[in-house]
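Report on one structure; see the data block that follows.
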Amino acid sequence: MITSEVILKSLSEVGSTVLMILAGTVVVEALLYLLLVKWLKYKYALPFMLLAPAAIGLIALVIYPLIWELRLSFTNMSLKAFKNPQFIGFKNYVRVFTEPVLKQKMFFPLLGQTVLWTVINITFHVGGGLFLAMLLNRNMRGRGIYRTLLILPWAIPQVIAVLAWRSEFNFTYGYFNIILTRLGLQPVQWMTDPTANFIAMCLTNIWLGIPFMSVTLLGGLQSISQEYYEAAEMDGANGWQQFKNITMPLLQPVITPAILLGTFWTFNNFNVPFFINQNELESSDIMVTGLFRAAFQYNRYGFSAAFAFVIFALLLIFTIFYTRYTSSLKGAYES
Amino acid sequence: MSTPSSVSANPEYVPTRHKRSFFRSGREDSPFKRLIIHIVLILACIVSVFPVLRVLAISLRPGNRLMSTDLAIIPADATLESYRIILFEKPFLNWVWNSAAITIATALIGVIIAATAAYAFSRWKFPGRSVGLVFLLATQMIPASMLMIPIYILAIKLNLVGTYRGLVIAYCVTSIPFSVWILKGYFDTVPVDLEEAARIDGCSQLQAFWRVLLPLSTPALAITFLFNFMSAWNEYLLARVMLGSQESLMTWPLGLQRLQGQFQTQWGLFSAGSILVMIPVVILFLYSSKYLISGLTLGGVKG
């Protein structure tokens, strides 16, 4: 039941926060007005005033915490040493590579598992998405209905979707084991066997990720002019040649950012690994859930901060290489 | 649906059979191929809808048959009992109310802050502009659990755990980078001449923004609002970290997750709650998906 007490409580909490934000904005804008417009008569006074709320928010909630976390990574802060953490230099960073980052798991096996997870998922997302997009990219009956139904996994709140999948992996009542037993096979211990659990995670995430890829790639396919194919057909190119020499190169500007975005989302995916194994199996962890476990279950804050920056560095290196590589590809196509 | 062949421009050209393969988005598919395509698509749709139908099935089962290996979508003895219990005997409506209050407030504030910032990025070449844009993209790379550590510890030190204060501010801010990118991309496509005409007619710069640009950008603003709304509505991790164990402040993802607890799962209630929470969001999403996707790719391609 809903009680008026709770309604009022959450309303007043939210309301007071909103008022606080408003008051803060007014004060900041007034100060900026005095400083930039009245005193300095700065040319770009207005854009800076327009930017101020967003900038202050991002500084307070992204930049400052990151700098603070960097400092934290050089201390031994944990639940025991919460009040007076000591500065221990690069020890945490050395520990990330030399000691288990979780209870049993070392850094490099965890990295390997995360890379495997990302590669499997992205391969199936792009492959499945491209396949469906190519099927849908034609005049046919019921196209709108197919499109709507296929996009559904993306529309469902992720928490619900993943928890629903988790219940399908239940040993006795889950769909997969019911089918397996009806086929006369051995049911699988999806929740306790590490490999099966990892497969369960991948199945769930592949299901979740295909709609984004197929819809994005369908948009890309539709923007390719039909004339290219007609010209190729007159020159006698077969289907595979057309796919390789027309579709793929022209799809490049859509595929490249989609893969980059998809890679981040998959590498950083928290919900699927976290909810599928409900924090039970350490062996199913990928980087980001391992990080959460190290910080909030084992409470090694200083160590987790160092661990976080190692993960961040990996992502940064990947981005730089990927954008370099694809822009050089782009150059090759243009020349 | 046999549309005339598009290669009719060349009357001597007759497409041969092997050229209409899967790789070619053909308009002259044979009936057999069309049948195969429909079958494949129907199978894909079943896979995509199936988990939702299972949740629906479980939510309709009577309490004594929740644990069953029955695979029927609408069980023979369907009942709305689970819906009655979750609506009237569990604090489900409280969770939804809490989520709604937080979500609407943060989505609105997020759009306003992002719109002004996007306007600045779109119309001025101020010093530090390109650094700012790159920074906004770079924030998308940071794993959520990485920011969670300092934010959690700082929130403890500032006494913000167990209240909405930290959560509301955090939701407003985390949506900003993405919203700014989408809105800036849209503002860039609106000609500056319109605002300049308004300036000549005596509007100030801000009035031109408010009266000319914003009304023209309604679709982009709506999409940004919707996107913020959905990411806050579905958020689990930060809420769990920031709200602690405050029973009365729980949002629906926390509440539903609790129903699917480690030892005793209340399947029926979980499923009924999921269906209720899901319906409005799914309808909104399907309705707006076209715009949402064009916004996504616009930001991505330009990045």
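Inter-label distance, A:LEU70 to B:GLU247: 4.5 nm, where each label sits 7 Å from its Cα along the C-beta direction. With the simple spin-label model, which puts each label point 7 Å out from Cα in the Cβ direction, the B:VAL131 to A:MET248 separation comes to 4.2 nm.
Longest segment of chain A with no trypsin sites (Lys or Arg not before Pro) in a DSSP loop having at most 15 other Cβ atoms within 10 Å? The answer is A:142-335. Look at the Cα gyration tensor of chain A: its axes a ≥ b ≥ c give a/c of at least 1.5 with a/b at or below b/c, and that counts as oblate. Here the extension length gained between B:ASN159 and B:ILE46 equals 35.8 nm, from 0.36 nm per residue of separation less the Cα-Cα distance. About its Cα centre, the dipole of chain A is roughly 720 debye, where the only charges are +1 on Lys and Arg Cβ and -1 on Asp and Glu Cβ. Distance between the pseudo-spin-label points of B:LEU286 and A:LEU314 (7 Å out from Cα toward the beta carbon): 3.9 nm. Based on the Cβ-Cβ distance of A:SER78 and A:VAL119, what FRET efficiency does E = 1/(1 + (r/R0)^6) give at R0 = 51 Å, to the nearest 0.05? Between A:SER78 and A:VAL119 the formula returns 0.90. Computed on the Cα atoms alone, the convex hull of the protein assembly as shown gives a volume of 201 cubic angstrom per residue. At an R0 of 56 angstrom, the distance between the Cβ atoms of A:VAL27 and A:GLN189 translates into a FRET efficiency of 0.40. Computing FRET efficiency as 1/(1 + (r/R0)^6) for A:GLU280 and B:ILE279, where r is the C-beta to C-beta distance and R0 is 35 Å, gives about 0.65. Extension gain, A:LEU34 to A:GLU99: 0.36 nm times the residue separation minus the Cα-Cα distance gives 17.9 nm. Each part gets one Cα centre, and for segment A:176-219 versus segment A:19-56 those centres are 52 Å apart. Say a paramagnetic label sat at a point 7 Å from the Cα of B:VAL192, along Cα to Cβ; which residues of segment B:113-129 have their backbone N under 11 Å from it? Correct set: B:122-126.
No lab work stands behind these numbers, since they all come straight from the coordinates. This structure is a prediction, so every number in the text was calculated from the model and none was measured. With ideal geometry, Cβ positions are generated from the backbone for all residues, glycine too; neighbour counts draw on all protein chains shown.
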